[in-house]
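Below: one structure, written as C-alpha cells.
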Amino acid sequence: GWDRGLFVANEPVVGICWQQRNRAVGPDQDLPFRALEPLFEEVPARFLSFAYRNGPNDAGLMADFGIQDIAAACRDLDDVAAAISQLDFVITCDGLIPHLAGALGKECWLLLPVFADWRWGRRGTACPFYPSLRLFRAERTGDWASVAQDESGRTAGPPTGSPTAASAPTPPGGYSDE
C-alpha cells in the first residue's frame, strides 16, 4: 500500500513528470529537469516525481527542491493511477501520466513540444477528450523554459487545490480553443 503521508501536506501535493518511459514516442516529448525550476521556486506545493529516467544531476536537483521520487514505488498502472488519484494537481510531459490524469479527471497541465503528438492537436489549450487537462505548447523546439516560466508567471500555482479550466492560465502564444 501507499504511504498516505506522501499525499498529506499543508500545501497542494503536485505530481510531476519530465521524463517518460517510452523512447519510441520521441525524445522531444521529454524536457530537462532544469526547465521546471521556475515552477519549483515559485509554486507553493509539495512535489512528487513520476519521472522514469532521471538525468545524471537530477537526483541532486530533486533533493535541492525537496522533490520525492515515487516512480520506483509504482509497480504497475494501478499503482500509478492510485498515486495520481491522491494528488491535488499534475504537471507533466506527454506520455502515460497525462492520459491517466485525464481519465481520472485530475487537473493536469500538459507541457507539449512544438510538434506534439497528433492527439493533442496543433493549437489550443483545451483537450476535447480530457476536460481536466490544460495544454501548454512550446513556441520553439527545445524552448521548455519559456513554457514553465509562463506557467509560473501567470499564476501562483495551484494554491488551494488546482486551477479550473476557466481560471487556468493561457499558454505561450495565446492559443486557446475557448
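The values are calculated or read from the model by the stated rules, or taken from the named source; none is laboratory data. None of these values were measured; they are calculated from a predicted model. In this analysis, Cβ positions are derived from the backbone assuming ideal geometry, glycine residues included, and neighbour counts consider all displayed protein chains. In case anyone asks, the SASA skips ligands and DNA or RNA and just uses the protein heavy atoms, side chains included. Shrake-Rupley method; radii C 1.70, N 1.55, O 1.52, S 1.80 Å.
Overview of values
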| item | result |
| --- | --- |
| Residues of segment 61-97 that turn out to be in contact with a Pro (Cβ under 6 Å, 6 or more places away or on another chain) and modelled with pLDDT under 90, as a count | 0 |
| In segment 41-60, the residues that are modelled with pLDDT of 85 or more, farther than 24 Å from ASP117 by Cβ and surrounded by 14 or more Cβ atoms within 10 Å (Cβ to Cβ) | ALA45, ARG46, PHE47, LEU48 |
| Answer residue from segment 87-135, given it is touching a residue at least 24 places away in the same chain (Cβ under 8 Å) and among the basic types (Lys, Arg) and is least open to solvent (accessible area, probe 1.4 Å) among those | ARG134 |
| Filtered residues of segment 132-158 (kept if modelled with pLDDT under 90 and either in a loop (DSSP other than H, G, I, E, B) or more than 16 Å from LEU36 (Cα to Cα) (or both)) | ALA138, GLU139, ARG140, THR141, GLY142, ASP143, THR155, ALA156, GLY157, PRO158 |
| Boolean, ALA72 is assigned to a helix (DSSP H, G or I), surrounded by 15 or more Cβ atoms within 10 Å (Cβ to Cβ) and free of Cβ contacts under 8 Å to residues at least 24 places away in the same chain | no |
| Output for segment 18-35, where each listed residue is surrounded by 20 or more Cβ atoms within 10 Å (Cβ to Cβ) and either in a loop (DSSP other than H, G, I, E, B) or modelled with pLDDT under 65 (or both) | TRP18, GLN19, GLN20, ASP30, LEU31 |
| Residue count, segment 96-131 (criterion: of a type in the set (A, V, I, L, M) and in a loop (DSSP other than H, G, I, E, B)) | 2 |
